[in-house]
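K.L.:
Have a look at this one before I ask anything.
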Amino acid sequence: MKIKIVNLSENPLPTYAHDGDAGFDLMSDETVVLNSGEIRAIGTGLYMEIPKGYEGQVRSRSGLSLKDIVVNNAPGTIDSNFQGEIKVILKNGGFAS
């Protein structure tokens, strides 16, 4: 399957971090401090044309989840008719010290 991707960021296109990974790693297009308890949509600079009948999904990586940074609406669904920038809704579930 081919998916058209427009990358308006300076980051590389999504790639597999390790051989055998099930999904691609996305990178942020912005520098963000996510304070304890904060939820924020983080831009990637990516726009995709997902074929009709398919969806993209955004999920937390276990390493981030261990640090209590999670995709707030996991899995985040990207429908085939979505035309905007791919953003990831992250939540810092940590407690203020």
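K.L.:
When only DSSP loop residues count, what GluC sites (Glu not before Pro) in the chain have their Cβ near at most 12 other Cβ atoms within 10 Å? Write down the numbers at each step before the final one.
P.N.:
Numbers: sites: E10, E30, E38, E49, E55, E85; in loops: E10, E30, E38, E85.
Within the chain, the qualifying GluC sites (Glu not before Pro) (loop, at most 12 other Cβ atoms within 10 Å) are E10, E30.
K.L.:
For region 28-92, treating each Cα as an identical point scatterer without solvent, what Debye log10 I(q)/I(0) comes out at q = 0.21, 0.26, 0.28, 0.29 1/Å?
P.N.:
-0.87, -1.16, -1.26, -1.30
K.L.:
With every protein chain kept in place and ligands, DNA and RNA left out, what is the accessible area per residue of the chain? Probe 1.4 Å, answer in Å².
P.N.:
About 72 Å² of surface per residue is accessible.
K.L.:
Within region 1-56, list the trypsin sites (Lys or Arg not before Pro) lying in a DSSP loop whose Cβ has at most 13 other Cβ atoms in a 10 Å radius. Could you put the intermediate results ahead of the total?
P.N.:
On the way: sites: K2, K4, R40, K52; in loops: K2, K52.
Of the trypsin sites (Lys or Arg not before Pro), the ones in loops of region 1-56 whose Cβ has at most 13 other Cβ atoms within 10 Å are K2, K52.
K.L.:
Okay, moving on. Give me the extension gain from L8 to N73: residue separation times 0.36 nm, minus the current Cα-Cα distance, reported in nm with one decimal. Write down the numbers at each step before the final one.
P.N.:
Values: separation 65, 0.36 × 65 = 23.40 nm, distance 2.43 nm.
Value of the extension gain: 21.0 nm.
K.L.:
Now a separate question. If you place +1 on the Cβ of every Lys and Arg and -1 on the Cβ of every Asp and Glu, how big does the dipole about the Cα centre of the chain come out, in debye to the nearest 20?
P.N.:
On the way: 9 positive and 12 negative charges, 39 e Å.
The dipole magnitude comes to about 180 debye.
K.L.:
Shifting gears a bit: Sort T44, T15 by heavy-atom solvent-accessible area, probe 1.4 angstrom, most to least. Present the calculation step by step, with values, prior to reporting the outcome.
P.N.:
On the way: T44 5, T15 75 Å².
The ordering from most to least exposed comes out as T15, T44.
K.L.:
Rounded to the nearest 500, what is the 222 nm mean residue ellipticity of the chain from helices alone, with -39500 (n - 2.57) per DSSP H run of 4+ residues and division by all residues?
P.N.:
Details: 1 runs with 5 residues, N = 97.
Rounded to the nearest 500, the figure is -1000 deg cm²/dmol.
K.L.:
Give K52/K91; K67/K91; K2/K91 a once-over and call out the pairs whose C-alpha atoms are over 21 Å from each other. Don't skip to the end; give the middle numbers.
P.N.:
Details: K52/K91 30 Å; K67/K91 11 Å; K2/K91 31 Å.
Among K52/K91; K67/K91; K2/K91, the Cα-Cα distance tops 21 Å for K52/K91; K2/K91.
K.L.:
Mean separation of Cα pairs under 8 Å and 6+ residues apart, divided by the residue count of the chain: what relative contact order is that in percent?
P.N.:
Working: 175 pairs, mean separation 29.5, N = 97.
The normalised contact order for the chain reaches 30 percent.
K.L.:
Between Y47 and M1, what is the label-to-label distance in nm when each label sits 7 Å out along the Cα-to-Cβ direction?
P.N.:
2.1 nm
The values are calculated or read from the model by the stated rules, or taken from the named source; none is laboratory data. Because the structure is a prediction, the values reported are computed rather than measured. So basically every Cβ, Gly included, is an ideal-geometry build from the backbone, and we count neighbours across all protein chains shown. Side chains included, ligands, DNA and RNA excluded: accessible areas come from the protein's heavy atoms. Shrake-Rupley method; radii C 1.70, N 1.55, O 1.52, S 1.80 Å.
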